[in-house]
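Inspection log for the structure reproduced underneath, given as structure tokens.
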Amino acid sequence: QNYLDNFWPDLKAAHELFDSILQAQRERESESQENKGKEYPEHLPLEILEAGIKSGRYIQGTLNVNKHRAQLEAFVRLQGFASKETG
């Protein structure tokens with residue numbers, strides 16, 4: 001802000017861009033505080049997920065995504081299984 005004010009006081013587009021970036025940063029910090037530091041909100045509470053895994057409704061595994069073809073290629077490695085299971 002100081003740099004823009006001192007060296008580019010008449011460059012309106014730069015000041016607007018700075019204000020926009022600052023606003024976005026404040027909104028992100030506000031959302032982060034609302035989510036208690038979590039970057040993404042949880043889809044289901046942990047208790048429901050744990051109960052679903054125990055009952056067999058949900059499965060637990062590791063998602064592996066091909067970094068070169070992320071939109072097209074991924075697989076889930078289930079815990080306790082040596083082979084790749086797709087889903």
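The values are calculated or read from the model by the stated rules, or taken from the named source; none is laboratory data. Because the structure is a prediction, the values reported are computed rather than measured. Cβ placement follows ideal geometry from the backbone for every residue including glycine, while neighbour counts extend to all protein chains displayed. Ligands, DNA and RNA are stripped out before the accessible areas are found, and what is left, the full protein with its side chains, is counted by its heavy atoms. Shrake-Rupley method; radii C 1.70, N 1.55, O 1.52, S 1.80 Å.
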Residues of the stretch 18-34 being basic (Lys, Arg) and over 16 Å from the mean Cα position of the chain (by Cα), which ones? Arg26
Output the qualifying pairs, or none if there are none: Cβ atoms under 9 angstrom, residues six or more apart or on different chains, first residue in the stretch 1-30 and open to solvent by 100 Å² or more (accessible area, probe 1.4 Å), second residue of a type outside the set (S, T, N, Q) and assigned to a helix (DSSP H, G or I). Trp8/Ala14; Trp8/His15
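A quick yes/no check of all residues on (1) open to solvent by 100 Å² or more (accessible area, probe 1.4 Å); (2) of a type outside the set (S, T, N, Q); (3) assigned to a helix (DSSP H, G or I); (4) at pLDDT 85 or above:
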{"position": "Lys36", "(1), (2), (3), (4)": "yes, yes, no, no"}
{"position": "Pro41", "(1), (2), (3), (4)": "no, yes, no, no"}
{"position": "Leu44", "(1), (2), (3), (4)": "no, yes, no, yes"}
{"position": "Ala70", "(1), (2), (3), (4)": "no, yes, no, yes"}
